[in-house]
Amino acid sequence: MTYLKTLFFCTVSAFSVCAQMTNDSTFSASVSNPKFKKGKGPALLIDAAHHNFIVEMGLAKPLVDVAAADGYRPKIDSALFTKAYLDHYKVVIITPAMPFKFGSKKEVTTESTFTPTEIDALHEWVSAGGSLVLLSEHAPIDKSMTPVLNKFGIQSSIGIVWDSVNCDKSIQMRGFQTLLKFNKENGLLNMNHPITKGEQAGEQINAIVTYGGSGLTGPGYTSLFNLSPSVEIKRWSGINPSGSATSQGLAGKVGKGKLVALGDCNGFTAMYIPMGAGKNFYAGMQVPDHNWKQFVLNTLHWLSK
């Protein structure tokens, strides 16, 4: 497999290349020891109401299939958030959301991705016992996700996360150092959280690679993916960088509920992009030696416990 930076292509050539992002048909969504009996697990909502491009391009199918194989009852729906609506679900997953179709504009300015009423309803629902996954990305998506992240006490960098030290140096393009490694060897993977430890033998997370994305800071949350001192926030999509970050993955409690926030969304997919000459770029749950599939399952288990 050939690995490159996923959303680099989407940002540079939003329509011509994003159209080529395809679910990997070789990916197996099967789960050897399902958490719940088929169709008997918690109801899970995957948001489709806020120009969630992962959903709009059909790239959420592997996530739906994995969740269903684990016994959850996943549903993709496009209703706006109210407390009454969210109460139908135990877990809500918001993939990168924008106030306009991805690729139609280069920058988020004064547009609103979520209304203040929706953000309040979401926070109220989590505080009352709901479980939420927030998946962000690099510029310009990081800015569009900032208001909802801020509501939960999380700050986002603007730009793209770059690490010249803790990156996969064998998989780079034009000098971009954006494939960040989190593992036992470099000490950046927190292996002591229930999500990374797993519930049973064989469920431990040992290695994660993110594909750029944004950086997060959230006092009061536990960092799952620690950013090193060598990290820089760089210009991306023509947008000047701002902010700093300590993590690309946070987990914690909000009132009676739980929240997991990631600065990169690609681990929750199983996709590829044809690169020509018989080479493909692969990202997500099917990539060998990256424990994303187990991480997704462990995240759902922790959120629904």
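The values are calculated or read from the model by the stated rules, or taken from the named source; none is laboratory data. What you see is a predicted model; the values in this text were computed from it and never measured. Using ideal geometry, Cβ is built from the backbone for each residue, glycine included, and neighbour counts are taken over all protein chains shown. Calculation scope for accessible area: heavy atoms of the full protein, side chains included, ligands and nucleic acids excluded. Shrake-Rupley method; radii C 1.70, N 1.55, O 1.52, S 1.80 Å.
For this structure, a couple of remarks:
- Residue check for Leu63: open to solvent by less than 60 Å² (accessible area, probe 1.4 Å), at pLDDT 95 or above and within 18 Å of the chain's Cα centre (by Cα): yes
- Restricting the stretch 111-149 to residues that are part of a helix (DSSP H, G or I), of a type in the set (S, T, N, Q) and closer than 21 Å to Ala48 by Cα, the residue that is least open to solvent (accessible area, probe 1.4 Å): Ser144
- Residues (at negative phi, surrounded by 15 or more Cβ atoms within 10 Å (Cβ to Cβ) and in contact with a strand residue (DSSP E or B) (Cβ under 6 Å, 6 or more places away or on another chain)) located in the stretch 233-247: Lys234, Trp236, Pro241, Ala245, Thr246, Ser247
- Set Leu224, Leu300, Leu259: member being of a type in the set (A, V, I, L, M), under 21 Å from Ser164 (Cα atoms) and within 16 Å of the chain's Cα centre (by Cα): Leu224
- Residue within the stretch 227-236 that is outside any loop (DSSP other than H, G, I, E, B) and among the charged types (D, E, K, R) present: yes
- For the stretch 272-286, a residue qualifies if it is crowded, with 21+ Cβ neighbours inside 10 Å and either at pLDDT 95 or above or on the phi > 0 side of the Ramachandran plot (or both), and the qualifying residues are Gly284, Met285, Gln286.
- Residue in the stretch 175-202 that is least open to solvent (accessible area, probe 1.4 Å), counting only those that are of a type in the set (Lys, Arg) and over 17 Å from the mean Cα position of the chain (by Cα): Lys197
- Of all the numbered requirements in (1) without any contact (Cβ under 8 Å) to a residue 60 or more places away in the chain; (2) closer than 24 Å to Gly202 by Cα; (3) surrounded by 21 or more Cβ atoms within 10 Å (Cβ to Cβ), Asp70 misses one, and that requirement is (1).
- For the stretch 211-225, a residue qualifies if it is open to solvent by 20 Å² or more (accessible area, probe 1.4 Å) and not in a strand (DSSP E or B), and the qualifying residues are Pro219, Gly220, Tyr221.
- Test: residue in the stretch 203-210 that is open to solvent by less than 10 Å² (accessible area, probe 1.4 Å) and free of Cβ contacts under 8 Å to residues at least 60 places away in the same chain: yes
- Members of the stretch 93-110 found to be open to solvent by 10 Å² or more (accessible area, probe 1.4 Å) and touching a Phe, Trp or Tyr at 6+ places or on another chain (Cβ under 7 Å), listed by number: Phe102, Gly103
- From the options Lys83, Lys90, Lys75, residue that is open to solvent by 30 Å² or more (accessible area, probe 1.4 Å), touching a Gly at 6+ places or on another chain (Cβ under 9 Å), closer than 17 Å to Trp125 by Cβ and at pLDDT 95 or above: Lys90
- Boolean, Asn166 is open to solvent by 10 Å² or more (accessible area, probe 1.4 Å) and in contact with a Lys or Arg (Cβ under 7 Å, 6 or more places away or on another chain): yes
- Residue check for Val287: of a type outside the set (D, E, K, R) and not in a strand (DSSP E or B): yes
- Test: residue in the stretch 248-259 that is surrounded by fewer than 21 Cβ atoms within 10 Å (Cβ to Cβ), touching a residue at least 12 places away in the same chain (Cβ under 8 Å) and assigned to a loop (DSSP other than H, G, I, E, B): yes
- Listed by first and then second residue, the pairs with beta-carbon distance under 6 Å, at least 6 apart or on different chains, first residue in the stretch 88-103 and over 15 Å from Thr299 (Cβ atoms) and part of a loop (DSSP other than H, G, I, E, B), second of a type outside the set (Asp, Glu) and open to solvent by 30 Å² or more (accessible area, probe 1.4 Å), are Met98/His51; Pro99/Ser112; Lys101/His51; Gly103/Phe15.
- Single residue of the stretch 45-60 satisfying the filter (assigned to a helix (DSSP H, G or I) and β-branched (Val, Ile, Thr)) that is least open to solvent (accessible area, probe 1.4 Å): Ile54
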